[in-house]
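The values are calculated or read from the model by the stated rules, or taken from the named source; none is laboratory data. It should be emphasised that the depicted structure is a prediction, and the values quoted were computed from it without experimental measurement. As a convention, Cβ positions derive from the backbone with ideal geometry for all residues, glycine included, and neighbour counts pool all protein chains shown. Note: areas computed on protein heavy atoms with side chains; ligands, DNA, RNA excluded. Shrake-Rupley method; radii C 1.70, N 1.55, O 1.52, S 1.80 Å.
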Amino acid sequence: MEHAGLVINAFDIAAMLVVASAVLGYLNHHFLRLPHVIGLTVMGAVASLALMLANALIPGVTLDDSVAQLLERMNFTDTLLDGMLSFLLFAGALHVDLERLKKDWLPVLLLSTVGVIISTVIVGLGAWGVGALLALPIAPIWYFVFGALISPTDPVSVLGVLKEENVPASLQAAVAGESLFNDGVGIVVFTILLGAAVTGADFSLSEGARLFAVEAGGGVLVGLFIGWLGFRALASMDEYTLEVLITLAVVMGGYALCSALHLSGPLAMAVAGLLIGNQGVALAMSDTTRDYVHKFWELVDEVLNSVLFLLIGLEMIVLAGGTGHLLLGLAAIPITLVARAISVGTMTRVIPAARLDSPGATRVLWWGGLRGGISIALALSLPPGTTRDLLLAGTFAAVLFSVLVQRATLGKLIESLQAKNLPEVEPQPSGPTVH
């Protein structure tokens with residue numbers, strides 16, 4: 001991108017984002033003292049509003065246009081879905097205890113598959129009803145596209161909370177496992193529905209099921225394969241610098257392979273991370289290598305986390321205003337909360353084999369179903385036009401509420417459940433956990 005005689009390349013954009021994240025993070029740490037990702041989201045949003053206000057009040061100033069062009073040049077959707085997400089999912093899965101996850105495999109499986117589909121349908125129907133009342137110019141299929149992009153919980157947000165709260169390992173594994181897998185499932189469902197919406201073809205349930213099985217199943221198989229290759233390579237040596245590089249190759253090479261084969265890269269990364277984070281750490285790494293691998297991926301996770309939530313705040317600048325946008329955005333908040341409650345309740349209470357030990361865990365799963373950058377990236381990938389602007393408003397409202405309200409109060413919910421001595425949230429002796 002050229003601006004004022006300057007050529008801004010990819011490195012310049014990355015440098016701007018890292019510097020901005022560091023500066024705003026420093027200011028938040030010393031002055032606002034909000035939780036890190038909440039502080040960056042708030043400050044990014046405030047910066048966006050300040051730029052728009054300056055553009056409106058000061059003649060000749062077009063700062064918001066410059067930032068919007070910069071964000072368009074960077075392409076937030078491709079940056080997250082084809083770049084950040086592969087690292088974030090692998091880093092998150094690396095710290096999930098597979099043995100504990102196996103104990104709750106059925107609720108995790110149901111929540112991350114059937115639960116996402118139930119939520120997609122409920123959000124789509126609710127948004128469709130609101131759109132009909134407001135006479136919004138949106139075809140019905142697009143409301144279900146919105147349901148698919150807003151239903152998955154964001155692993156970055158969820159795992160960030162679990163690192164900070166005293167949540168037992170068993171519940172951590174269930175919440176983290178669901179968040180790692182349901183975004184991959186959500187992306188597949190979104191892709192199928194978006195294809196039907198763009199082409200105008202009637203949605204075929206059988207064809208959708210076939211595509212889902214191919215993309216999701218293929219992603220899992222690729223994750224197992226590259227995870228096994230990485231495990232074998234790690235077990236053949238004791239050289240921590242090369243072993244860290246091997247884990248990096250698993251992520252970048254595996255995700256690129258899935259993209260080329262049109263399979264689910266997110267699911268592949270979750271599976272590969274689980275395999276290397278458990279079998280690889282236990283059987284293929286020395287203590288020194290294990291320490292370096294964990295610290296490397298924790299650092300990657302923190303840096304990308306910081307940049308991602310700053311971007312969420314800055315992306316507010318691309319929003320178009322209007323009464324319809326505001327009302328749909330406000331309606332999206334209760335609709336997504338109700339849909340999450342129904343999907344979690346259906347999976348964990350109606351199906352006996354999928355029940356968790358107590359209602360306390362169900363409430364944590366519900367209120368801890370945070371939305372984040374994945375939903376925004378999917379919304380930004382929609383074709384330009386009125387429909388995209390309206391659905392983007394709904395997405396931003398739901399995500400900002402999730403980050404600023406749900407994430408900020410989840411700790412208090414857990415503390416209140418601890419005070420009631422509910423087994424799921426009582427402190428337990430230290431052991432393998434998400435960290």
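Here are the numbers:
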| quantity | calculated |
| --- | --- |
| Heavy-atom accessible area per residue - the chain, 1.4 Å, Å² | 42 |
| Using θ = phi - 60° and Karplus 6.51 cos²θ - 1.76 cosθ + 1.60, couplings along the range 28-33 (whole Hz; Gly, Pro as x) | 5, 5, 8, 10, 6, 6 |
| Length gained when the stretch R232-S204 is fully extended (0.36 nm per residue, less Cα-Cα span) | 5.9 nm |
| Debye, to nearest 20: dipole size of the range 213-297, +1 on Lys, Arg Cβ, -1 on Asp, Glu Cβ | 140 |
| Cα centre as origin, Lys/Arg/Asp/Glu Cβ charges: the range 272-365 dipole, Debye | 480 |
| Estimated dipole of the chain in Debye, rounded to 20 [Cβ of Lys and Arg +1, of Asp and Glu -1, Cα centre] | 980 |
| Potential extension, Y26-L125 segment - 0.36 nm per residue separation minus Cα distance | 31.3 nm |
| Residues in the range 89-119 reached by a label modelled at I351 [backbone nitrogen below 12 Å; 7 Å Cα→Cβ] | 105-118 |
| Relative contact order (%) - criterion: Cα under 8 Å, at least six apart; region: the chain | 28 |
| Gyration tensor (alpha-carbon) shape descriptor, the range 289-384, a/c threshold 1.5 | oblate |
| Per-residue SASA entry for H262, accessible area with 1.4 Å probe, Å² rounded to 10 | 140 |
| Rounded FRET efficiency, nearest 0.05, which uses the C-beta distance separating A260 from V19 and R0 of 30 Å | 0.35 |
| Apportionment of accessible area to carbon and sulfur, the chain, percent (1.4 Å) | 68 |
| Shape call, the range 189-331: gyration tensor on alpha carbons, a/c limit 1.5 | oblate |
| Residue (of S119, I342, V222) at the positive-pole extreme of the chain, dipole from beta-carbon charges | I342 |
